[in-house]
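Undergrad: Before we start, here is the structure in question, set down as structure tokens.
The values are calculated or read from the model by the stated rules, or taken from the named source; none is laboratory data. Predicted model, so just to flag it, every value in this text is computed and none were measured. Because the Cβ atoms are built from the backbone with ideal geometry, glycine has one as well, and the counts that use them run over all protein chains shown. Protein only, heavy atoms only, side chains kept; ligands, DNA and RNA dropped before computing areas. Shrake-Rupley method; radii C 1.70, N 1.55, O 1.52, S 1.80 Å.
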Amino acid sequence: MVNRIIPPKGIKTSIRSNFFFYYFVFGLIPLVTLGFFSYKTASDALKNQAREQLGHLAEKTAHQVDAFFENIEKDIIMYSDCLFIRHFFSKHTPKKPSGAIERYLKGHSHCRQILFLDSTGRQIMGVPDKAEPWNPSRFAAAWDRDLYFSEILHKDGEAFLLLSKKVYDFKTSNRAVGLLVFEIRANALTAFVSSLKMGTRGYGFMMNNQGHIIYHPDSTLQCADNVEILGDKAFSKLLFRMKSGQRGVGPYRFRNKDKFLVFAPCSRQPWSVGIALRQNEFMAEITCLRNKVITFGSLLVLLVSLVIMTFVKSFTLPIQKLTSRARAIGRGDLDQVILISSPTELQCLAMEFNNMAARLKKSMNETIALKTFNDDILQSVSSGIITIDCSGSLTSINRSAKNILGILPDMVDPGKTTKFLPPGLTKVTRLLNHTLEKGEPLTQDESEYPIAQGDPVFLEITRAFKILCQLNES
């Protein structure tokens, strides 16, 4: 008995699945991991670069504000030490130094006006001469310091601040005789910040250590005292650091909009310069990089997948052809020819397969011809010849044997087991099986055998090992 081996139906699917599994494990996952870490590294580098650039810009703006204050301080110190101004304050000369002050105002548009105050706070000269009396508390604060800066003030719709310097007596250099006051236009300071433009909606602003907004492009926030309520907790923390004179960066949410803040302190005034921009603008380059990485990665994965699919298809289709042709050959169709055009090892395999099928067909034709020849010989001899196989099944019986045993032509079908045979033929096959079991090479005996039609007959039986039985009537 020969067991038929049935090839698995899912061999094509299995090969494709294995290819894609190994591609996914050893190709796609490392590629995605490498792409992710490359993007992460590049995005972190871009973030740090953007933070550094914005931080440098904020520090540069703060340095510009400091330089402006430094120049103003040098100017007021220089004028407060001038001999003709000290003479005027000490009343050693009645001549007013208005000409020199006017020339200074013409050359320095940031200065709104210059005032001369005596030790009681009374104005003794103003250029232009339209100043209003000072507030006593403000004068007291200025008189307590050699150099004094006020907060941002507003008058006639214009914002300004006061810078005062004590003027000392011409003869007694340690006795203050008055104040020289410069009124500085606020827009001269805020111009450094208002010129900051980042992206489409980025802007700069200034805030003092009390949390008051000195400048903001949104006029509703000018001099606002409670801007913290408009932002989230991150915004409050960033403002606290700004008021503390620290440098810093960080994201926050203000008026329901995600933003990013960079700030740096001024050294000559308790102010801080801040640069705010939308989070999406800050992340624009990173977002662009991410989109490029995703697009490139997707195209690469798609391209590699198509290549893998093409390769798998070129590999599995020949195998599928080989499998289907092998099944056809197994069913007895030896005229199968496998055509594989790809110049690979599979083409060589197909050629060998075709040669094997051709050889099998030739061998089968020869076997069939030999069997036909043997059958003709068996059918033509006068002796009855019966053969069985090792399992005891009848494999052949010639016409003479049928005539001797009285068997009709269509009564016996070789290949059936002995229990379906006529009585006389059954007895003969039992003897043959006995010969097979004993392994006797050649035996002869005579005995009476029932026939299918008529009286029993005496037969001389010659039993040969290897399944040949010859019947002769005695």
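Undergrad: Which value, in debye to the nearest 20, describes the size of the charge dipole of region 149-216 about its Cα centre when Lys and Arg Cβ atoms bear +1, Asp and Glu Cβ atoms bear -1, and nothing else is charged?
TA: Here region 149-216 has a charge dipole of around 200 debye.
Undergrad: Further question: Hey, got the dipole for the chain? About the Cα centre, +1 on K and R Cβ, -1 on D and E Cβ, debye to the nearest 20?
TA: About 2340 debye.
Undergrad: Which residue, chosen from TRP134, ALA45, PHE160, occupies the Cα position most advanced towards the positive end of the dipole of region 31-182, where the dipole is computed from +1 (Lys, Arg) and -1 (Asp, Glu) charges on Cβ about the Cα centre?
TA: Among TRP134, ALA45, PHE160, the one farthest towards the positive end of the dipole of region 31-182 is TRP134.
Undergrad: Shifting gears a bit: With +1 on the Cβ of every Lys and Arg and -1 on the Cβ of every Asp and Glu, and nothing else charged, how large is the dipole of region 88-205 about its Cα centre, in debye rounded to the nearest 20?
TA: Computed about the Cα centre, the dipole is about 280 debye.
Undergrad: Ok, one more. Round to the nearest 10 and report in Å² the accessible area of VAL177, as given by a 1.4 Å probe over the protein chains' heavy atoms.
TA: Its heavy atoms expose roughly 20 Å² to the probe.
Undergrad: While we're on this one: I'd like the projected area of the chain, averaged over all directions, using the convex hull of its alpha carbons. Report it in nm² with one decimal.
TA: Value for the chain: 44.4 nm².
Undergrad: In degrees from 0 to 90, rounded to the nearest 10, what is the angle of the helix 423-438 Cα long axis to the longest principal axis of the chain?
TA: 70
Undergrad: As I understand it, the dipole of the chain uses +1 on the Cβ of Lys and Arg and -1 on the Cβ of Asp and Glu, about the Cα centre. Which of ASN398, LEU239, PHE353 lies farthest toward its positive end?
TA: Result: LEU239.
Undergrad: Grab the Cα-Cα distance for ASN280 and ASN187, subtract it from 0.36 nm times how many residues apart they are, and report the gain in nm with one decimal.
TA: 30.5 nm
Undergrad: Still on this structure, I have one more. Considering just Cα atoms, how many Å³ per residue does the convex hull of region 124-250 enclose?
TA: Each residue corresponds to 157 Å³ of Cα convex hull volume.
Undergrad: Roughly how much of CYS390 is accessible, in Å² to the nearest 10, using a 1.4 Å probe?
TA: About 130 Å², ignoring ligands and nucleic acids.
Undergrad: Shifting gears a bit: Kindly provide the trypsin sites (Lys or Arg not before Pro) of region 166-200 that DSSP labels as loop, not H, G, I, E or B, and whose Cβ sees at most 12 other Cβ atoms within 10 Å.
TA: Qualifying residues, ordered by number: LYS171, ARG175.
Undergrad: Okay, moving on. Can you tell me the Rg and Dmax of region 167-222, counting just the alpha carbons, in angstroms?
TA: Every Cα atom of region 167-222 included, Rg and Dmax give 18.6, 60 Å.
Undergrad: How far is helix 345-380 tilted off the main Cα axis of the chain, in degrees rounded to 10, range 0 to 90?
TA: Here the helix axis deviates by roughly 10 degrees.
Undergrad: Can you tell me the relative contact order of the chain? Whole percent, Cα pairs under 8 Å, sequence separation 6 or more.
TA: Across the chain, relative contact order equals 10 percent.
Undergrad: If you take the beta carbon distance between SER382 and ASN355 as r and set R0 to 41 Å, what does 1/(1 + (r/R0)^6) give as a FRET efficiency, to the nearest 0.05?
TA: Efficiency, rounded to the nearest 0.05: 0.35.
Undergrad: By how many degrees, between 0 and 90 and to the nearest 10, does the Cα long axis of helix 233-243 differ from the longest principal axis of the chain?
TA: 40
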